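Any read-out appearing in this document is the output of simple, stated calculations on the displayed coordinates, not a laboratory observation. Here the structure is a predicted model, which is why all the values come from computation and not from measurement. Glycine gets a Cβ as well: all are built from the backbone with ideal geometry, and neighbour counts include every protein chain shown.
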Amino acid sequence: MIRSRALFVSLALSLLALSAGAGTRYVDAALASGANDGSSWTNAYQGSNGLQLALTAAVSGDEIWVAQGSYEPTAGATRSIYFQLRNGVAIYGGFAGGELTLDQRDVAAHVAILTADLNGDDGTTGFAENSYHVVDASGTNATAVLDGFTVRGGNANLGSANQDRGGGILCVGGASPTVRNCIFRENRCTFGGGAGYINASAPSFTDCRFENNLGSNFGGAFDMATNVTASFTRCVFSGNSAARAGGVEIFGSSTVKLTNCVFRNNTSTGSGGGGAIFISSSSPVIRNCTIVGNHSTVNATAGILASPLFAASNNLIYFNDGPGGAQNLVNNMSGVSCTYSCVQGGAAGTGNVSADPQLANLGSGDVHLGPLSPCADAGSNPAVPVGTTTDLEGNPRFADAPGVPDTGLGSSPLVDIGAYELQNTLYTLFCAGDGSLATPCPCGNTAPTGHGCLNSDFFSQGALLLAAGSATPDTVVLTSSEMIASASCIFLQGNQQNASGAVFGDGVRCVAGTLKRLYTKSASGGVASAPGVGDPSISARSASLGDTIAPGSQRFYQVYYRDPAPSFCPSPQGNTWNISSGVILNW
Ligand SMILES: [Ca+2]
Ligand SMILES: [Ca+2]
Ligand SMILES: [Ca+2]
């Protein structure tokens, strides 16, 4: 009894301790009224020093919400004062001021800037009085969060105590914060890592951009020294430069992860090379990165310069330029295990592609794949890190490019090479006899996911209809597979769908409205495609049958086929034909 009462008192006390002061603290640089105590938007901490006031007051469990505006580490002139991240404290920028929930903020519209420019005089010069770093992450773990800021102007130019490295953020001695939705730009240093310096730490950066940082000797954006297990997910590195490693340097005993990242227009200006990435004695995991348009002005290697072994898959490494001959235009990929990648000049390894990746517009910085890129559907699905469901832009990471053959590894939809996934805008699948429709297959002949109802072929999983090609110009080809081996079949189009489906022979039909029988074919091995050689296109055929398809409209397709086996799903439940799953085409 006494023991449990003691436990109760101790629990109550610890709950009290947790709640004392924990909560949301508000910061608004532009505010000129109120109590300046951070208790609400109207009493927010004020001025360019407002965030430091909030950090001083914060306790573990707090969130700090920061309105748009510019914030400095100190109101004075001491260059060694930084924004010190803290465990259990999440700092969010991007508010207009007045929001009630976190998801109401708009980071792009309401820019909150953490700046080292103490005199406000940064231009082409004016960095001498800037703070050495903007953010210090010393002593933090993943519960220290920085989310939604522009971090700029750090000038680490003092040759002691790490104050010559990591202008934007310093992560040393087990500094492992969580950084999201941030832009690090125009930071500089005299040793290495313009945007950040990392040593013996494991920070994570997600949905961040690193732009126009100057890394001096090593790593325009990041210098990662030794025992670094940092991860960079959906990040863009552009316009950074250093003598060695224009983008990032991964120096020793480090297992850095780079996933769905872009490196573009980074420059190595010295003999060390590595326009985008320099790797030494480390084993980073680089997956689905686009590394294009980087430069090396002295060393021949403008893409990835690596030694010794590391493994890279699903990467696009192209159009990186340096002085000298053909190899110099490419990369030093010697010693690299490189698979399912698109590499200029080619690379040894399974699944690599050397053809022009047909980027949308490299010159203007648009490094999406063009609609018929050979890098689409050419990646390895198993090589995509577990848990990766989106590409750099948040679109589905696995999507079929209907106009491109599937040459990668895995089952369709196949991942594309590089950071961007071509999205399928041509078609969606519907009307599967897999139990997902209101109308079940008539004889309990439910099919595996996505297929039409089972037919009498013991080895068939039910007919599956897929589309390939483009709507404009109309090169669409429909292919129905897993039908009866040599069945005669009819490609059916409707201008409406019946989402519930209706029993149709041994299957379920959802194609409805004005029906057109577009093509009659005979299957071979259970497969038939239309239109075939000599056939009019789908749109031409539909028009000739009286249904002209307007651009932007949809039509609905299924293929029905003979299955006369007398004992399989006979009348009255079934009949002597069956029908495939359906395709909705977006014209
Ligand atoms: Ca300045
Ligand atoms: Ca794909
Ligand atoms: Ca494809």
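The residues packed around D377, meaning those with a beta-carbon under 10 Å from its beta-carbon, carry a net charge of -4 if Lys and Arg are +1 and Asp and Glu are -1. For the chain, adding -39500 (n - 2.57) for each run of n ≥ 4 DSSP H residues and dividing by the number of residues yields -2000 deg cm²/dmol at 222 nm. Averaging the sequence gap over all C-alpha pairs within less than 8 Å and six or more residues apart, then dividing by the number of residues, gives region 132-362 a relative contact order of 11 percent. Given R0 = 41 Å, the distance between the Cβ atoms of S364 and R517 translates into a calculated FRET efficiency of 0.35. The modelled label-to-label distance for the pair A438/S486, using points 7 Å beyond Cα in the direction of Cβ, is 4.2 nm. The H on the amide N of S40, modeled in the peptide plane, is under 5 Å from the matching H of Y26, each at least 5 residues off or on a different chain. Full extension of the chain segment joining S283 with T390 gains 36.1 nm, where the gain is 0.36 nm per residue of separation less the Cα-Cα distance. With each label modelled as a point 7 angstrom along the Cα→C-beta vector, the V533-A109 pair spans 5.7 nm. Highest-first packing order for the peptide set 417-424, 528-535, 293-300 is 417-424, 293-300, 528-535, based on the mean count of other beta carbon atoms within 10 Å.
For I64, the residues 5 or more places off, or on other chains, whose built amide H falls under 5 Å of its own are R25, A90, I91, Y92. Panel order for F184, F556, F398, by other beta carbons found within 10 Å of each beta carbon, from fewest to most: F398, F556, F184. The magnitude of the dipole of region 25-177, with charges of +1 and -1 set on the Cβ of Lys/Arg and Asp/Glu and taken from the Cα centre, is near 280 debye. Between S500 and N87, the modelled labels are 6.0 nm apart [label points 7 Å from Cα along Cα→Cβ]. Using the Karplus relation 6.51 cos²θ - 1.76 cosθ + 1.60 with θ = phi - 60°, the per-residue 3J(HN,Hα) values for region 196-206 come to x, 10, 10, 9, 6, 8, 9, x, 10, 10, 10 Hz, with x marking Gly and Pro.
Each DSSP beta bridge with both residues in the chain is either parallel or antiparallel, and the antiparallel ones are about 30%.
Once each part is reduced to its C-alpha centroid, what is the distance from region 118-158 to region 388-457 in angstrom? Using only Cα atoms, the two centres lie 46 Å from each other. Relative contact order of the chain, taken over Cα pairs closer than 8 Å and 6 or more residues apart, is 6 percent. Where the centre of each part is set by its Cα atoms, how far does region 180-259 sit from region 50-114, in angstrom? About 22 Å separates the Cα centre of region 180-259 from the one of region 50-114.
Report note on the peptides 63-73, 27-37: ranked by the mean count of other C-beta atoms within 10 Å, highest first, their order is 63-73, 27-37.
Taken one residue at a time, the phi angles of region 45-60 give Karplus couplings (6.51, -1.76, 1.60, θ = phi - 60°) of 4, 10, x, 5, 8, x, 5, 5, 4, 5, 5, 5, 7, 5, 10, 4 Hz. Gly and Pro are set to x.
Between S380 and N314, L409, the built amide H atoms are under 5 Å apart, and every one of these is 5 or more places off in sequence or on another chain. Our coupling estimate for region 151-164, obtained by passing each phi through the Karplus curve with A = 6.51, B = -1.76, C = 1.60 and θ = phi - 60°, is 10, 9, x, x, 9, 7, 10, 10, x, 7, 6, 6, 8, 10 Hz, Gly and Pro reported as x.
For the chain, the dipole from Cβ point charges (+1 on Lys and Arg, -1 on Asp and Glu) about the Cα centre works out to 740 debye, to the nearest 20.
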